[in-house]
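Read the figures in this text as sums done on the coordinates, not as results from a lab. Note that the structure is predicted; figures quoted are calculated from it, not measured. As a convention, Cβ positions derive from the backbone with ideal geometry for all residues, glycine included, and neighbour counts pool all protein chains shown.
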Amino acid sequence: MDNSARPVPPHAPQRPTTAEHHGLTLHDDYAWLRAPNWQQVMRDPSVLDPEIEAYLKAENAYGEAILAETEALQKTLFDEMKGRIKEDDSSVPAPDGPFAYYSRYITGGQHPLFCRRPSQGGDERILLDGNALAAAHAYFKIGAVSHSPDHRLLAYAADLKGSEFFQVEIVDAETGETVDRHITDTNGTMVWAPDSQSIFYVWVDQEHRPREIRRHIVGQEAGDSLLFEQNDPAFFLGVGETQSRRFITVSTHDHETAEIHLLDLENPDTGLRLIAPRTPEHDYSVEHHGDKLIILTNSDGAEDYRIVEAPIDAPTPEHWKEIEPHRPGRLILDIVAFKDHLVRLEREDGLPRIVIRRFSDGEEHSIQFPEEVYALGIAPGYEYDTRTLRFTYSSMTTPGQVFDYDMETRERTLRKTQEVPSGHNPANYVTRRMLAPAPDGEMVPISLLYHKDTPLDGSAPLLLYGYGAYGISMPAGFSVTALSLVDRGFVYAIAHIRGGKEKGYRWYKDGKREKKVNSFTDFIAAGEYLCEQNVTSRGRIVAHGGSAGGMLMGAIANMAPDLFLGIIAEVPFVDVLNTMLDATLPLTPPEWQEWGNPIEDPQAYRAIAAYSPYDNVTAKEYPHILALAGLADPRVTYWEPAKWVAKLRDVKTDDHLLILRTNMDAGHGGASGRFDRLKEVALSYAFALMIAGKADTPPVPR
């Protein structure tokens, strides 16, 4: 678009405010964009202040005008992405006694159907029709779905605003009739009691903080009983169950500390039993086998975790006996205990691995995979007394696969391969792993995907994705969306930066709190290395990240703007300092362990102030920027990207594109339907192609 022909962007007026912390003054010209009644807005977006609403809609209109020239491209991209999805797809049925449960989609359907069949064969019964339920709502998302132990009832949680306040409805599995809709204000987590007459769930307060585990009797309108209460706003609360279903697990945790209580469903009158009291930086989880508990723990210096066992009647740490020792660099991610086998998912040298141990004699083996870069997961299902392990596998070139694995005979049975209806030939693509040197000498893994005909002479544009927070690792899995960029000459890359756990728990610790800047410099180092290796060149990289990865986008835009052609920041956590100073926001107290507490700690204040993207916007040239927000988002509130864009508009010295798009009917995850979400991805990728001069480039023939 000719710059002279661009529409005039909206202007958010400055209304300066100041606050004093630790003898330092914090200025904010756009604090007014935060609605005073934000809690009500989360539940009912129609009560948003009209002036704020008008500004957000003006930004949306401006963005639509700027991107109008890409409308045909957006539709083409959407059609391509949709064409790679089997519309009438279904999951592999998961057996549970007399029935096997699964979900499926119908052609044209945006939401799943939840179904079951008799395990020995018979007709399908549709238990839940997501499309019918969603018809009356602008936003509709099904969370957890759980059938009762006697298979008569089905409970499901639904979010109607994108604000993640779920309500639970219980239906009769045979008739579909609603028998209960009394559970509200929950985060969607629930577990049935063995009697099939009651259900445990997490209740959240007005600030969207999980406070209580309650037990609800089906059909009872009021008077849910309290199982557990926790009032520390810095901790999350969850309810679950062991694979054996003998124990209900009640977990209070932040991002590095856990405390777990168990309710023995064979002896419920004994009440909750504490496994290990809350100790800073002690993280653990609990499984059950026979007369013992199996515990995954990082206690006693086991940074990458070890496995211990303890008697059910004496579960406290002094009775723990080690059964799998800590091995530095080998991170144990998860364990599942079946009747005869213990399964662990671990990662070493950046690659995941499944290891199976027979309980009777301790013999163990791992499942082998041939590719250099891949993603792996375990899907334990409902059953405990089974020798079949279900796992998932994919790579950046290989569509997702579901296997059933006999843990005794080691026979691997392919149950499903992700279909790509429009066609996909893995031989047309190359996936690689590279290591980029960080400023302090660490080596940052990078996963690459590109078409075999794409020249690696520095001319190719590159989309570099990153996250780097909460210990979450970015899997190098198959993406039906990335291919639309790759087929047009882009290289698609994932930078596995510090803040995740790709290289063990240390990789996480070195990217949080006072070391957070390592995440940003790792990402920049990855981009610079890709340029040095002629995979791309400076000014040809489009950076992409969301949520905490959106903070990454804001930081690298401030730190190395000339390295990047553009920035795609989805629900970006960019107003870090103001948010961490506001203890009333839903996620602020739990996040202090991740970022530091600037209210009480002057050093944490200074550290966050030094990198907080919003506070470090200065008068200089920035890359093209597309920021995406959700009005009902409880995780990254809409005003963070709105304030960031408003400040950028006022101070940046370039004429590059700056677009803010706020979804007025959604929250953190964007649009809820599977195809509506693709439209948002198509918009982002059309933006990337446009600024890279590839908007008119047709995809290579398949």
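Helix 602-611 versus the longest principal axis of the chain: what is the Cα-based angle in degrees, 0 to 90, to the nearest 10?
60 degrees
Residue by residue, what Karplus-based ³J(HN,Hα) values in Hz, rounded to whole numbers, does the stretch 60-66 have, using 6.51, -1.76 and 1.60 with θ = phi - 60° and x for Gly and Pro?
Each residue's phi maps through the Karplus curve to give 4, 5, 4, x, 4, 5, 5 Hz.
With a point put 7 Å past each Cα toward its Cβ, work out how far LYS515 is from ASP44 in nm, to one decimal.
Taking the two extended label points, one gets 4.8 nm.
How about the stretch 337-366: which GluC sites (Glu not before Pro) there are in a DSSP loop, with at most 16 other Cβ atoms within 10 Å of their Cβ?
Of the GluC sites (Glu not before Pro), the ones in loops of the stretch 337-366 whose Cβ has at most 16 other Cβ atoms within 10 Å are GLU363.
Starting from the stretch 610-702, pick out the chymotrypsin sites (Phe, Trp or Tyr not before Pro) whose DSSP state is loop and whose Cβ has at most 14 other Cβ atoms within 10 Å.
none
Could you tell me the center-to-center distance, by alpha carbons, between the stretch 312-327 and the stretch 329-362 in angstrom?
16 Å
Starting from the Cα of LYS321, step 7 Å along the direction of its Cβ; do the same at ALA72; then give the gap between the two resulting points in nm.
7.3 nm
Over the alpha carbons of the stretch 210-352, what is the largest minus smallest coordinate on each principal axis, giving the biggest first in Å?
53, 35, 30
If you wrap a convex hull around the C-alpha atoms of the stretch 161-216 and split its volume per residue, what is the figure in Å³?
About 85 Å³ per residue, rounded to a whole number.
Please express the Cα-Cα pair-distance distribution P(r) of the stretch 527-674 as a list of whole percents, one per 5 Å bin, running from 0 to the bin with the greatest distance.
Per 5 Å bin, starting at 0, the Cα pair percentages come out as 2, 10, 18, 21, 18, 14, 10, 5, 1, 0.
Modelling each spin label as a point 7 Å along the Cα-to-Cβ direction, I'd like the ARG245/ASN425 distance in nm, to one decimal.
Going by the 7 Å Cα→Cβ label model, 4.8 nm.
Please work out the C-alpha center-to-center distance from the stretch 30-83 to the stretch 226-279 and express it in whole Å.
40 Å
I need the fraction of alpha carbon pairs in the stretch 476-594 separated by more than 21 Å, rounded to a whole percent.
Here the long-distance tail beyond 21 Å is 44 percent of all Cα pairs in the stretch 476-594.
Taking a ≥ b ≥ c as the square roots of the eigenvalues of the Cα gyration tensor of the stretch 570-631, is the shape rounded (a/c under 1.5), prolate (a/b larger than b/c) or oblate?
oblate
Working from the alpha-carbon coordinates of the chain, get Rg over Rh, Rh being the Kirkwood radius.
Details: Rg = 25.3 Å, Rh = 26.7 Å.
When Rh is taken as the Kirkwood radius, the ratio is 0.95.
Given only helices, namely DSSP H runs of n ≥ 4 each adding -39500 (n - 2.57), what is the per-residue ellipticity at 222 nm of the chain, to the nearest 500 deg cm²/dmol?
The helix-only estimate for the chain comes to -5500 deg cm²/dmol at 222 nm.
Relative contact order, percent, of the chain when contacts are C-alpha pairs under 8 Å separated by at least 6 residues?
With pairs under 8 Å counted, the relative contact order is 11 percent.
Counting other Cβ atoms within 10 Å of each Cβ, which GluC sites (Glu not before Pro) in the stretch 252-283 have at most 14 and sit in a DSSP loop?
GLU266, GLU281
How compact and how long is the stretch 330-418, expressed as Rg and Dmax of its alpha-carbon atoms in Å?
Expressed in Å, the Cα Rg and Dmax of the stretch 330-418 come to 12.7, 39.
State, in angstrom, two size descriptors of the stretch 377-468 derived from its alpha carbons: Rg to one decimal place and Dmax to the nearest whole number.
Computed over the Cα atoms of the stretch 377-468, radius of gyration and Dmax are 18.4, 56 Å.
Between the alpha-carbon centers of the stretch 291-306 and the stretch 89-138, tell me the distance in whole angstrom.
38 Å
Would you please calculate the Kirkwood hydrodynamic radius of the stretch 264-328 over all C-alpha pairs and express it in Å, rounded to one decimal?
Values: mean 1/r = 0.0805 Å⁻¹.
Kirkwood hydrodynamic radius for the stretch 264-328: 12.4 Å.
Largest first and in whole Å, give the semi-axes of the stretch 465-508's equivalent ellipsoid, each being the square root of 5 times a Cα gyration tensor eigenvalue.
25, 9, 7
In the chain, what percentage of the DSSP-assigned beta bridges are antiparallel, given to the nearest 5?
Just about 85 percent of them are antiparallel.
Going 7 Å from the Cα of ASP696 in the Cα-to-Cβ direction, what parts of the stretch 465-499 have a backbone nitrogen less than 20 Å from that spot?
485, 487-490
Between the helical axis of 639-651 and the dominant principal axis of the chain, each derived from Cα atoms, what acute angle in degrees is found, rounded to the nearest 10?
Once rounded, one gets 20 degrees.
Semi-axes, largest first, in whole Å: what does sqrt of 5 times each Cα gyration tensor eigenvalue give for the stretch 217-276?
Working: eigenvalues 88, 58, 22 Å².
For the stretch 217-276, the ellipsoid semi-axes come out as 21, 17, 10 Å.
What ranking, highest mean first, results for peptides 550-558, 215-223 when packing means the other Cβ atoms within 10 Å averaged over each residue? Before the final figure, lay out each step's value.
On the way: 550-558: 27.4, 215-223: 13.7.
Averaged packing, sorted descending, gives the order 550-558, 215-223.
In debye, nearest 20, what is the charge dipole magnitude of the chain about its Cα centre with +1 on Lys and Arg Cβ and -1 on Asp and Glu Cβ, if you could check?
1560 debye
What FRET efficiency comes out for ALA19 versus THR653 if R0 is 30 angstrom and r is the Cβ-Cβ distance? Round to the nearest 0.05. Intermediate results must be reported in sequence, preceding the final value.
Numbers: r = 28 Å, r/R0 = 0.93.
With R0 = 30 Å, the Cβ-Cβ based efficiency is 0.60.
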